[in-house]
Amino acid sequence: MITTLAVHGYRSLRDLAVPMAPVTLVTGANGSGKSSLYRAMRLLAGTATSGVVGSLAAEGGLDRVLWAGPERISGAMRRGEVAVQGSSSRSKPVSLMLGFATPELAYLIDIGLPIPSPTAFVRDPQIKREEIFAAPVLRPASRLVQRKNSTVTVFDDESRTVGSKLSARVSILSELSDPDGYPDIGWMRQVVSGWRFYDSFRTDSAAPARSSCVGTWTPVLADDGHDLAAAVQTVLESAWAGPFARAFEEAFPGSEVLIDAEGTDGRFHLQVRQPGMLRPLGADELSDGTLRFLLLATALLSPQPPSLLVLNEPETSLHPHVLPVLARLMTDVATRTQVMVVSHSDALIQPLLALGAEDAVTHHHLVKEVGETRLEGQGLLSTVPWEWGSR
Ligand SMILES: Nc1ncnc2c1ncn2[C@@H]1O[C@H](COP(=O)(O)OP(=O)(O)OP(=O)(O)O)[C@@H](O)[C@H]1O
Ligand SMILES: [Mg+2]
């Protein structure tokens, strides 16, 4: 389980450490930084597949995504007594840092500007530092693995340098994953590669989820939902068939999901039998909300559950009476999958808080203060411990 997520210098997330629970709900007004937090998490997940530098380049390079405000925000700036202004010189190098902690180990990555060089790939940021350490806080004594530029040092009985030619574009998690040689790196890589993300699903008339799909065993729903029919059939043939059918019947009383696999084309067709209809309706005929609910329930009840499931704005086009059913599914699966939900909807909060046992559900409301995203109600004493260290 992830206990802390930390971001430094990414868009409006100047310096944020977010405590995580089995179910973590993140809400906030428009522009408060919810999507940025979601994207920061996706970037972090890219470290396991060496996708982090490419994803940053795709966002327009480091310059575009770095915190655009002053390096330090003084008390007078916060109180509005003086205008927000930068200082003439920086005290620390420009860096975007991402990290997380589990109860055992923690990881952080520090990404900086490229050193000027005669290459066309000037947008590619560089990985300057990575650390794996005993949770929760980075200290010299808790350090297990450190990467500085191209050199990787493992601190076990004696410290040893295990690599000195690492490319600035790849992470130690993607490059040094030999579980026997580097158990801590292998363990971390496995944690990160177990995360699954679903951004708001498309439900328009041309949405991929509305078409039939190849009828193959599909324990993991694709992130665009194009294999929904096969993924639903996989759930219906798993131990989660009962909870799936019950949740759907509760959200849409009298309705039942069927998969038509009879055709000679080998494709599966999703159908829903609804009260009052003489024939079942196809996926192309379903309402946006019905389709979205099916996509979310299928993602949540995956027979091959991820360690962490992150849902971005799942509530779009769902009626408020369906949200408690969704909330119940989230708390039901939270024993096997940690769930993080980034949402606009305050209507999700009440059912989640009512259902979750104490400590099982955390709600963070993001607010902007002098351009910076903060957790509402988090004072100096209630912040989670986190240290970035230095290059
Ligand atoms: N480089 C940057 N430095 C500082 N702030 C930035 C930077 N880039 C974008 N922002 C700000 O970050 C804020 C957060 O945007 P984000 O898309 O995360 O908001 P959101 O909470 O998802 O909003 P919505 O509910 O509208 O989707 C925006 O207000 C934007 O002005
Ligand atoms: Mg957003």
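The values are calculated or read from the model by the stated rules, or taken from the named source; none is laboratory data. Keep in mind that this is a model prediction, so the values were computed, not measured. Positions of Cβ are backbone-derived with ideal geometry, glycine not excepted, and every protein chain shown enters the neighbour counts. The area values use the complete protein model at the heavy-atom level, side chains included, leaving out ligands, DNA and RNA. Shrake-Rupley method; radii C 1.70, N 1.55, O 1.52, S 1.80 Å.
Brief remarks on what is shown
- Among the residues listed as Arg328, Arg374, the single one being more than 22 Å from Met1 (Cα to Cα), buried (at least 17 other Cβ atoms within 10 Å of the Cβ) and basic (Lys, Arg): Arg374
- Residues that are among the hydrophobic types (A, V, I, L, M, F, W, C), under 28 Å from Val339 (Cβ atoms), outside any helix (DSSP H, G or I) and touching a Ser or Thr at 6+ places or on another chain (Cβ under 9 Å) within region 157-208 comprise Trp195, Phe201, listed in sequence order.
- Some residue of region 343-360 being polar (S, T, N, Q) and free of Cβ contacts under 8 Å to residues at least 24 places away in the same chain: yes
- Applying a threshold of 9 Å to beta carbon distances and a minimum spacing of six or more residues, or different chains, the list of pairs starting in region 139-150 at a residue that is within 13 Å of Trp388 (Cα to Cα) and assigned by TED's automatic domain parsing to the domain that holds Gln126 and ending at one that is assigned to a strand (DSSP E or B) and of a type in the set (Lys, Arg) reads Gln146/Arg129.
- Leu295 being touching a Lys or Arg at 6+ places or on another chain (Cβ under 8 Å) and either within 16 Å of ligand 1 (Cβ to nearest atom) or closer than 19 Å to Ser205 by Cβ (or both): no
- From the options Pro306, Pro275, residue that is crowded, with 17+ Cβ neighbours inside 10 Å and either out of contact with any strand residue (DSSP E or B) (no Cβ under 8 Å at 6 or more places or on another chain) or not in a strand (DSSP E or B) (or both): Pro306
- Test: Asp359 is of a type outside the set (Ser, Thr, Tyr), open to solvent by 70 Å² or more (accessible area, probe 1.4 Å), away from ligand 2 (no atom under 16 Å from the Cβ) and at positive phi: yes
- Residue match in region 54-64 (condition: in contact with a strand residue (DSSP E or B) (Cβ under 9 Å, 6 or more places away or on another chain) and either of a type in the set (Val, Ile, Thr) or open to solvent by 20 Å² or more (accessible area, probe 1.4 Å) (or both)): no
- Glu313 satisfies every condition listed in (1) open to solvent by 10 Å² or more (accessible area, probe 1.4 Å); (2) under 25 Å from Thr218 (Cβ atoms); (3) away from ligand 1 (no atom under 16 Å from the Cβ) except (3).
- Ala231 meets the stated requirement of being part of a helix (DSSP H, G or I) and either of a type in the set (Ser, Thr, Tyr) or closer than 26 Å to Arg42 by Cα (or both).
- Members of region 19-53 that are over 18 Å from Asp110 (Cα atoms), open to solvent by 20 Å² or more (accessible area, probe 1.4 Å) and more than 16 Å from ligand 2 (Cβ to nearest atom): Pro19, Pro22
- From Val65, Val18, residue being at pLDDT 95 or above and within 16 Å of ligand 1 (Cβ to nearest atom): Val18
So that you can scan it fast, the table gives a plain yes or no per residue for (1) among the aromatic types (Phe, Trp, Tyr); (2) surrounded by fewer than 16 Cβ atoms within 10 Å (Cβ to Cβ):
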residue: Thr218; (1), (2): no, no
residue: Gly225; (1), (2): no, no
residue: Val235; (1), (2): no, no
residue: Trp240; (1), (2): yes, no
residue: Arg246; (1), (2): no, yes
residue: Phe252; (1), (2): yes, no
residue: Gly263; (1), (2): no, yes
residue: His269; (1), (2): no, no
residue: Phe293; (1), (2): yes, no
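- Subset of region 102-147 (residues that are over 26 Å from the mean Cα position of the chain (by Cα), modelled with pLDDT under 95 and open to solvent by 50 Å² or more (accessible area, probe 1.4 Å)): Ile115, Pro116, Ser117, Pro118, Thr119, Ala120, Phe121, Val122, Pro140, Ala141
- Listed by first and then second residue, the pairs with beta-carbon distance under 7 Å, at least 6 apart or on different chains, first residue in region 58-71 and within 13 Å of Leu113 (Cα to Cα), second more than 10 Å from ligand 1 (Cβ to nearest atom) and open to solvent by 50 Å² or more (accessible area, probe 1.4 Å), are Gly61/Arg123; Leu62/Leu113.
- Condition check for His344: under 30 Å from Phe293 (Cβ atoms), modelled with pLDDT of 90 or more and open to solvent by 40 Å² or more (accessible area, probe 1.4 Å): no
- Residue in region 152-173 that is at pLDDT 95 or above, within 28 Å of the chain's Cα centre (by Cα) and open to solvent by 20 Å² or more (accessible area, probe 1.4 Å) present: no
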